[in-house]
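> A single structure is presented below for examination.
The values are calculated or read from the model by the stated rules, or taken from the named source; none is laboratory data. For clarity, every value in this text was computed on a predicted model and none was experimentally measured. Cβ atoms come from the backbone with ideal geometry, glycine included; neighbour counts cover every protein chain shown.
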Amino acid sequence: MDIIVEYKVLIIPVIAWCIAEALKMPISWIRDRQWNADQLFLGGMPSAHSALVCALATTVGFKDGFNSVTFAIAASFALVVMQDAGGVRQTVGHQSTLLNRIIEEIFKGKPEYEERLRELIGHTRPQIIIGAMLGILVGWTLSLAIP
């Protein structure tokens with residue numbers, strides 16, 4: 001138990017990340033009635049990126065104070081990561097989809113061009129918001145439970 005207390009600022013965010021990743025398969029099953037392993041570690045509901053960074057910021061806030069410099073850094077980091085998860089990475093996913101279609105049309109029947117780019121890369125806003133709420137909830141609950 002001592003190691004959890006000593007490293008709770010690292011352990012709690014990882015727990016939030018694991019919970020978010022573990023929820024992706026059942027949520028995918030409920031939504032689509034099929035198992036979609038492509039969402040693990042790449043995208044899907046909820047955003048594990050958001051869960052991790054929001055749990056980190058929340059845990060730092062409870063440990064060092066919500067008016068501390070370390071909380072400001074962690075919260076800023078969380079905002080940048082969530083913006084990236086929904087903005088840049090989502091755009092890359094859309095571009096991959098378009099490039100795959102173009103390559104398919106231009107190089108039909110040529111095996112050297114059959115490799116496809118990964119299309120599920122980013123997160124939607126609801127995925128990010130739910131991930132953030134999950135991270136804050138996990139960070140808050142475990143920060144209060146672990147001295």
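> Check whether at least one residue in region 106-113 is modelled with pLDDT of 75 or more, acidic (Asp, Glu) and exposed (fewer than 12 other Cβ atoms within 10 Å of the Cβ), and report yes or no.
No, because not a single residue in region 106-113 is modelled with pLDDT of 75 or more, acidic (Asp, Glu) and exposed (fewer than 12 other Cβ atoms within 10 Å of the Cβ).
One line per residue, one yes/no per condition, for (1) over 26 Å from residue 54 (Cα atoms); (2) modelled with pLDDT of 80 or more:
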{"residue": "95", "(1), (2)": "yes, no"}
{"residue": "116", "(1), (2)": "yes, no"}
{"residue": "122", "(1), (2)": "no, no"}
{"residue": "127", "(1), (2)": "no, yes"}
{"residue": "138", "(1), (2)": "no, yes"}
{"residue": "145", "(1), (2)": "no, yes"}
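> Just checking, how many residues over region 62-90 are over 13 Å from the mean Cα position of the chain (by Cα), farther than 18 Å from residue 140 by Cβ and polar (S, T, N, Q)?
Final tally of qualifying residues: 1.
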